[in-house]
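J.: One structure coming up, written as structure tokens, with questions to follow.
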Amino acid sequence: KLQPRDATLHGSKLQVESRGGADNIGYWDDAGEWATWSVRIPSGGTFTVLGEYAAANGDVPLTVELAGRSLDATAPKTAGWDDFRGIRFGAITVPKGGTVELAVRPRAGAPWHPMNLRFITLELPRD
């Protein structure tokens, strides 16, 4: 699990806050801000990207990037800022293992709605 406190936050408003007894990346109301993590992956493969978020103001179009590969996803509106929901953002194929960067950023050209991001998880498919 990639936690909020382990992220590098890019922007002046984005910050780690606590809601519902757990940390999240909040105050994410500027489409020019994003978060990154340094991730060590053991080998290449197709990773499922999961997360937990809240989005009270509307659907959130975003892009997840891993090792130079990207996927576009939309996090549906939730009932409030404390209504965190799990989401499967999609899958990204990475050709080889190593230390790579994972970024979550607003999708270019799409209207941005604020979001609180509690965590991101990468899962390899199970045999």
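J.: Quick one: ASP83 ticks every box in (1) free of Cβ contacts under 8 Å to residues at least 24 places away in the same chain; (2) not in a strand (DSSP E or B) except a single one, so which number is it?
T.: (1)
J.: Determine if the stretch 75-86 includes at least one residue that is among the acidic types (Asp, Glu), under 14 Å from the mean Cα position of the chain (by Cα) and at pLDDT 95 or above.
T.: No, that holds for no residue.
J.: Which residues, counting only those in the stretch 27-46, are closer than 25 Å to ILE92 by Cα, in a strand (DSSP E or B) and either modelled with pLDDT of 95 or more or open to solvent by 40 Å² or more (accessible area, probe 1.4 Å) (or both)?
T.: Restricting attention to the stretch 27-46, the residues satisfying the condition of being closer than 25 Å to ILE92 by Cα are 28, 31-46.
Retained after the next criterion (residues that are in a strand (DSSP E or B)): 28, 34-41, 45-46.
Those that are closer than 25 Å to ILE92 by Cα, in a strand (DSSP E or B) and either modelled with pLDDT of 95 or more or open to solvent by 40 Å² or more (accessible area, probe 1.4 Å) (or both): TRP28, TRP34, ALA35, THR36, TRP37, SER38, VAL39, ARG40, THR46.
J.: Name the residue that is most open to solvent (accessible area, probe 1.4 Å), counting only residues in the stretch 93-106 that are farther than 26 Å from VAL16 by Cα and out of contact with any Pro (no Cβ under 6 Å at 6 or more places or on another chain).
T.: It comes out as LYS96.
J.: Here are some conditions: (1) open to solvent by less than 10 Å² (accessible area, probe 1.4 Å); (2) without any contact (Cβ under 8 Å) to a residue 60 or more places away in the chain. LEU71 meets all but one. Which one does it not meet?
T.: (1)
J.: Given (1) free of Cβ contacts under 8 Å to residues at least 24 places away in the same chain; (2) among the polar types (S, T, N, Q); (3) buried (at least 18 other Cβ atoms within 10 Å of the Cβ), where does THR78 come up short, assuming only one miss?
T.: Unmet for THR78, out of (1) free of Cβ contacts under 8 Å to residues at least 24 places away in the same chain; (2) among the polar types (S, T, N, Q); (3) buried (at least 18 other Cβ atoms within 10 Å of the Cβ): (1).
J.: Here's a follow-up. Is the stretch 107-125 home to any residue that is over 19 Å from ASP23 (Cβ atoms), within 12 Å of the chain's Cα centre (by Cα) and in a loop (DSSP other than H, G, I, E, B)?
T.: Yes.
J.: What are the residues in the stretch 53-64 that are surrounded by 18 or more Cβ atoms within 10 Å (Cβ to Cβ) and in a strand (DSSP E or B), if any?
T.: Matches in the stretch 53-64: TYR53, ALA54, VAL60, PRO61, LEU62, VAL64.
J.: Among the residues of the stretch 65-97, which ones are small (Gly, Ala, Ser) and out of contact with any strand residue (DSSP E or B) (no Cβ under 6 Å at 6 or more places or on another chain)?
T.: Taking the stretch 65-97 as the starting set, the residues that turn out to be small (Gly, Ala, Ser) are 67-68, 70, 73, 75, 79-80, 86, 90-91, 97.
If the condition is that a residue be small (Gly, Ala, Ser) and out of contact with any strand residue (DSSP E or B) (no Cβ under 6 Å at 6 or more places or on another chain), then GLY68, ALA79, GLY80 are the ones that fit.
The values are calculated or read from the model by the stated rules, or taken from the named source; none is laboratory data. Remember, predicted model here, so these are calculated numbers, not experimental data. Cβ sites come from the backbone with ideal geometry, for glycine too, and all protein chains shown count toward neighbours. When the accessible area is computed, the model is the full protein with side chains, heavy atoms only, and any ligands, DNA or RNA have been set aside. Shrake-Rupley method; radii C 1.70, N 1.55, O 1.52, S 1.80 Å.
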